[in-house]
Structure formats: C-alpha cells, structure tokens
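Since the structure comes first, as structure tokens, the remarks are kept for the end.
Read-outs throughout are calculated quantities, based only on the coordinates presented, and are distinct from any laboratory measurement. Given the structure is predicted, the values throughout are model-derived calculations rather than measurements. Cβ placement follows ideal geometry from the backbone for every residue including glycine, while neighbour counts extend to all protein chains displayed.
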Amino acid sequence: MTYEIVIGLEVHTQLLTKSKMFCSCSANYASAHPNTHVCPICLGMPGVLPGINEKAIEYTVMTALALNCTIPEYTKFDRKNYFYPDLMKGYQISQYDAPLGKGGWLTIDSNGTRKRINITRVHLEEDVAKLWHRGDSSLIDVNRSGVPLMEVVSEPEISSPEEARDYLIRLRNILRYLGVSTGNMEEGSFRCDANISIRPSNSKKLLPKVEIKNINSFKAVYQALEYESRRQGEVLDEGGELVQETRGWIEEAGTTVTQRTKEYADDYRYFPEPDLPPLILDRAWIEEIRARIPELPEARRDRFMTQYGLSVYDANMLTNSSAMANYFEDCIKLMSPSKAKTVSNWLSGDFSRLLNATNTEIEHVKISPKHLAEMLGLVDNGTINGPAAKAVLEEMFHTGKGASEIVTEKKLSQISDATEIREVVKQVMANNINAVSDYTSGKEQALMFIIGQVMRATRGRANAGVVKEIIIQELGGK
Ligand SMILES: [Zn+2]
C-alpha cells in the first residue's frame with residue numbers, strides 16, 4: 001500500500017521586543033540569572049492588571065501582512081485554561097477565534113517547482129515559564145513567562161518531510177528579514193510542533209493525526225516526520241489502527257514516543273480575557289506598517305536572478321539571509337554587475353567556509369565589502385593568483401587588514417616576470433633530470449610534475465600560464 005503524507009505545522013516564535021507581552025519586565029533573559037526578570041504580573045499574582053505591548057502587536061501585524069494575511073477589523077485576547085507548573089496563573093493569555101492575522105500563504109521551492117502553502121492564522125500569546133527536571137525534582141525559571149510568543153499555523157498542505165523543512169526555512173528567513181525574531185531554533189526562540197497523518201494514495205479520507213512536540217532543529221523536524229510517516233504506514237500495513245495522540249521526538253533514539261492522547265480545543269475552556277479590551281486596529285496604522293515591510297527573500301531572490309543573471313541556486317544562497325544579500329550588493333556596488341557570479345562564488349565558497357568554521361555571523365565579519373572588492377581587483381589585474389587570493393582572504397578574515405597591505409606584507413604578489421621564472425625553471429629542470437627525459441620521450445604528464453615543482457619553488461606565486469610557456473620553450477618548444 002502506498003500512502004500520501006499530510007503535514008500541518010505550528011510555529012511558535014519569540015518576538016524581539018524589549019519588554020514582555022503584558023508587563024514591563026525585560027524580555028531579554030537569555031543570559032540572566034533565573035527568576036530575575038519577573039514582576040507580580042508575569043508571576044501570575046492575583047489582583048494585577050496586564051497591559052498590551054504595542055511593539056508585539058506591530059511585529060505580529062507586520063508578519064501577518066508579509067505572509068499575505070488579512071488583518072481583521074476586530075481582534076481580541078482570550079484565556080486558555082490549563083493546569084501545569086509552567087503556567088503561573090493557571091491560564092495563558094492567547095487568541096482563540098479572533099486572531100491578528102487570517103488566511104495568508106507563503107511559497108516554497110521543492111524539487112524545482114514552486115508550491116504555495118496556505119497559512120491558517122497568525123496570533124499572539126505569552127510564553128510560559130521554563131521547567132528544569134533534575135532527577136526526582138523540578139526547578140522553575142519564570143524569566144521566560146510572559147515573553148511575546150507569535151504562533152503561525154499552516155494549513156495541512158505540506159506533503160513531505162522535505163517540504164516541511166523548506167517551509168520552516170522560508171518562514172524563518174521572512175521573520176529575520178522583518179527583524180521581528182532571531183528565529184534561533186536551538187535557543188528556543190523558534191519552535192515547531194508538527195501534525196502529521198497519512199492516508200492511502202487513492203483516498204481523500206483523513207486518518208487520525210499525530211502531533212509531534214519538542215522538535216528543536218531543522219534536522220530533527222525532518223527526521224521526526226520521516227520516522228512518523230514510516231511508523232504510521234507500518235501500523236496500517238499490519239492491520240492496526242492509528243490513534244490521535246501527542247508524541248515526543250527522542251533525538252538520541254531517533255524515534256517518537258506516546259506522550260498523551262490529544263486534548264481537544266474545548267478542554268481549554270477558552271473565554272475572552274476580561275482584563276483586556278478588544279483590539280480594534282487603526283487601518284491607517286496597518287497601512288503604515290505594510291509600507292515598512294522590506295523586500296522579502298523570494299522577491300529579492302527573483303530580482304538577483306534577473307538583475308545579476310545568477311542561477312536560482314546562487315540567488316537562493318545569497319538571499320537566505322538579508323545580511324548576506326546586503327553584503328553581496330555592497331560588493332557589487334564597488335565593482336560591476338558583471339562580477340556578480342565571481343562575488344557569489346567567493347561568498348558561497350571560502351567566505352562561508354570561514355564563517356562556519358569560526359561560527360561567525362556575517363554581521364561581525366572583519367572583511368569589509370571594500371576589502372573583498374580590492375582583493376578581487378588584485379586577481380583581475382594579475383597581482384595575485386588564485387591560491388594567493390585564498391590566502392589573502394583568510395588573512396583578511398582574521399585580521400581585518402586590506403588586501404594590498406597583506407599582499408605586500410606576506411610577499412604574495414604573483415611573479416609574472418619571464419626572466420625571474422626562467423631561472424627557477426632551469427633550476428627545477430636541473431634537479432629533475434628524470435622528469436625531463438620522461439617528457440622528451442613522450443610522457444605528457446611529466447610536464448604537470450615540472451610545473452608543480454616550479455610553483456612549489458615559488459611558494460605558489462608564479463603565474464602558472466607563464467610557467468607552462470617557459471617550460472615548454474626550455475624543453476625544446478613543443
Ligand atoms: Zn513581569
């Protein structure tokens with residue numbers, strides 16, 4: 001039996017506001033001592049009144065607009081009631097039937113085709129406290145409680161683990177372009193719950209779905225969905241029945257395990273939050289926010305393809321982060337659009353390798369676009385060759401010095417002077433009589449060996465073209 005996979009994703013994103021959602025405590029708790037960013041409101045004390053963080057509303061509206069959602073005339077907050085130690089007041093302020101954004105979409109590129117995934121809703125709620133389980137006891141840190149948490153819910157239109165990963169990467173890129181979230185999955189500011197069900201390929205009937213929680217990396221999302229679609233298929237193949245439940249992803253074991261059977265929305269006894277008025281957003285304010293939305297990854301990717309003639313692969317690589325795309329365009333401004341492919345190759349090659357190897361964000365890189373342009377100029381005018389350019393890039397990366405300065409300091413400039421090269425060639429030939437006789441008796445590969453020896457003797461600085469020409473002349477002009 002073959003099955004179709006049906007996946008819907010719920011993504012929770014912490015917003016980059018200075019203060020929390022309903023109080024003035026700092027939302028920047030990452031390196032704070034536990035329970036230091038707290039007040040009676042986020043501690044859930046009785047008798048306190050929440051106030052709405054305007055910036056959080058603005059960021060949510062901006063995200064909803066960027067995801068092509070409609071912003072309803074009327075929205076409100078609701079109480080979601082449940083009892084768990086991470087929730088101080090016994091309810092979470094969330095949005096139920098009147099979210100800030102409704103009915104949008106984003107597109108993904110899967111296997112070379114563009115696919116639209118519809119977005120059901122974008123709403124705003126508050127994060128809960130963090131529990132630390134240690135042996136028999138649990139510790140609680142309330143710093144996270146009340147941090148603005150935006151939820152983006154997709155329609156169940158994702159058909160494979162690959163598409164799920166593409167969707168998450170696209171969504172995160174959009175959030176980062178907007179500057180509303182760090183989108184950092186490992187730090188928990190971008191969290192994903194996945195709903196997955198399968199159905200026989202010839203059927204339209206939906207089977208019970210499983211919700212997978214605790215997925216904290218793109219790789220884990222992919223693996224968890226891959227595992228779960230296989231498991232559900234095996235249950236059906238063996239004549240078993242699937243049940244609607246919540247399962248947790250166990251990274252080390254590479255499996256999902258049952259956590260609890262699914263609660264239904266009714267279990268939460270939602271009702272309008274009585275301490276907060278409904279939100280009637282000023283339409284002019286919404287339009288003002290819309291006008292501030294920057295060029296988004298997809299539009300920028302398409303522009304890079306038409307404006308600079310880049311491939312879809314290169315354009316995607318450059319526009320996955322706005323910082324990288326800005327860096328690229330800053331370089332091109334100093335050079336010429338015809339150098340786009342060269343710049344793109346350097347950025348995706350050695351430049352990215354150095355960033356990754358040293359875990360450096362491009363925002364903090366010591367090589368300025370001016371220095372990179374200068375280095376490429378030195379390659380173009382023959383001052384340095386390819387291997388020297390790599391060495392210069394690495395030195396610029398570590399020291400922040402200019403390319404010319406490094407070339408002078410490290411004596412990296414290319415030797416193109418024929419007299420100087422001829423001397424080295426003669427020396428190498430004298431030291432490698434066997435290779436010379438191999439070549440004269442017809443072994444072509446001996447030439448490469450001699451060229452290699454000359455490059456070595458000049459520490460890679462000789463102009464390889466000139467070297468080859470002179471060797472052939474010295475060997476009797478072939
Ligand atoms: Zn507080």
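Could you calculate the contour length gain from residue 311 to residue 245, that is, 0.36 nm times the residue separation minus the distance between their Cα atoms, to one decimal place in nm?
Extra length from residue 311 to residue 245 when fully extended: 19.4 nm.
Starting with the fewest neighbours, write out 318, 124 ranked by other beta-carbon atoms found within 10 Å of each beta-carbon.
So the residues, fewest neighbours to most, are 318, 124.
How much length would be gained if the chain were fully extended between residue 261 and residue 199, taking 0.36 nm per residue of separation minus their Cα-Cα distance, in nm to one decimal?
Full-extension gain reported as 20.3 nm.
Give me the three principal axis extents of the chain from the C-alpha atoms, as integers in angstrom, largest value leading.
Principal extents (largest minus smallest coordinate, Cα): 94, 55, 50 Å.
Beyond 18 Å between alpha-carbons counts as too far, so tell me which of 89/213; 390/410; 76/213; 115/205; 443/468; 55/130 fall in that bin.
89/213; 76/213; 115/205; 55/130
I need 189, 31 ordered by Cβ neighbour count within 10 Å, fewest first.
31, 189
Note down the net charge around residue 23, summing +1 for each Lys or Arg and -1 for each Asp or Glu among other residues with Cβ under 15 Å from its Cβ.
-1
When the Cα centres of the stretch 200-239 and the stretch 435-478 are compared, how far apart do they sit, in Å?
61
Given axes a ≥ b ≥ c from the Cα gyration tensor, I'd like to know whether the stretch 311-409 is rounded (a/c under 1.5), prolate (a/b larger than b/c) or oblate.
Here the stretch 311-409 falls in the oblate category.
Rounded to the nearest Å, what's the spacing between the alpha carbon centres of the stretch 348-377 and the stretch 34-53? Just the number, please.
Between the Cα centres of the stretch 348-377 and the stretch 34-53 lies a distance of 44 Å.
Taking only Cα atoms, what is the 0 to 90° angle, nearest 10, from helix 386-399's long axis to the longest principal axis of the chain?
Here the helix axis deviates by roughly 50 degrees.
How would the stretch 223-320 be classified by its alpha-carbon gyration tensor: rounded, prolate or oblate, with rounded meaning a/c under 1.5 and the a/b versus b/c comparison settling the rest?
Oblate, because a/c is 1.5 or more while a/b does not exceed b/c.
Assign one of three labels to the stretch 172-264, namely rounded, prolate or oblate, based on the Cα gyration tensor with a ≥ b ≥ c the square roots of its eigenvalues; rounded applies when a/c is under 1.5, prolate when it is not and a/b is larger than b/c, and oblate otherwise.
It comes out prolate by the Cα gyration axes.
I need 49, 207, 475 ordered by Cβ neighbour count within 10 Å, fewest first.
49, 475, 207
Give me the extension gain from residue 81 to residue 469: residue separation times 0.36 nm, minus the current Cα-Cα distance, reported in nm with one decimal.
Value of the extension gain: 131.6 nm.
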